[in-house]
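Below is one structure; the comments refer to it alone.
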Amino acid sequence: MSVHQEDNRKVTTHRLVEMKERGEKIAMLTAYDYSMAKLIDQAGMDVILVGDSASNVMAGNITTLPITLDQMIYHGMAVTKAVNRALVVIDMPFGSCSGNPTESLNAAIRIMKETGADALKIEGGKEIINDIKKIIDAGMPVMGHLGLMPQSINKYGTYTVRAKDDAEAKKLCEDALLLEESGCFALVLEKIPAVVGKKIASKLHIPVIGIGAGNGVDGQVLVMHDMLGITQAFSPRFLRRYANLQETIIQSVGHYVEDVKALSFPNESEQY
Ligand code: KIV
């Protein structure tokens, strides 16, 4: 258990709402595999997201679009095995929740049944509200995701800040309210002006978790590979790097290569 986290009870959707009510900020981070999820849980994370950013950081794709339902389930199974305390949320991948509520429900059931996750995250608002309602009505907790929605990158054509103009900010607020009314337990807002993030967080009763949405929201989420400095090319303004694991890993692996070539590994005590 982390030094930051005295309370080792399992985090639930209900407890996240209580955290918002008492003004305690929510920490959320992505994980995609057993070993890292175990460390992140031990560090006291509140929410672990098996994000479809796995498409980028695990599979090397340029966008999040190619990752499949089966691949998300594979990552989700590994993460849920490792986690004791954090709430585990799994992204519904591109195409699995896009306007056909029965198909969306089936995909959601597969994720929940096969991974043992606690909740799902879905990108989109009004356009897919019937899908979201059907999933929530069937007993599955849903975290919404608005603002920059990477699954819609081909529609936007750019990863720039969203909701900068009044019309888009208005639609974003309407969608956020609709998601709350429809029963979402939390909402992610990605890459929007801080003033819009703060306004939405103050209007909603459910927790609003931001990534590039300023500090007026109820919590923050980052992609693990970015905040640990495993990836270096991606450097948006909202990203704070807490480590430079790229350098540590390259140096460590380089030393191992040198030791093998120099016949200094293994030494006497490292063999049978
Ligand atoms: O897939 C992901 O990692 C996400 C976060 C950026 C919120 O959706």
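The values are calculated or read from the model by the stated rules, or taken from the named source; none is laboratory data. Being a predicted model, the structure only gives us computed values, none of them experimental. Here the Cβ is made from the backbone with ideal geometry for all residues, glycine too, and neighbour counts use every protein chain on show. The accessibility values were calculated without ligands, DNA or RNA, using every heavy atom of the protein model including side chains. Shrake-Rupley method; radii C 1.70, N 1.55, O 1.52, S 1.80 Å.
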Taking region 105-146 only, how many residues are of a type in the set (A, V, I, L, M) and more than 19 Å from I67 (Cα to Cα)? 10
Looking at the structure I just gave you, is N106 open to solvent by 40 Å² or more (accessible area, probe 1.4 Å) and under 14 Å from the mean Cα position of the chain (by Cα)? no
Scanning region 239-252 residue by residue, the ones that are in a helix (DSSP H, G or I) and open to solvent by 90 Å² or more (accessible area, probe 1.4 Å) total 3
In region 217-238, what residues are without any contact (Cβ under 8 Å) to a residue 24 or more places away in the chain and open to solvent by 20 Å² or more (accessible area, probe 1.4 Å)? L228, Q232, A233, F234, S235
Can you find even one residue in region 22-40 that is of a type in the set (D, E, K, R), over 22 Å from G139 (Cα atoms) and under 15 Å from the mean Cα position of the chain (by Cα)? yes
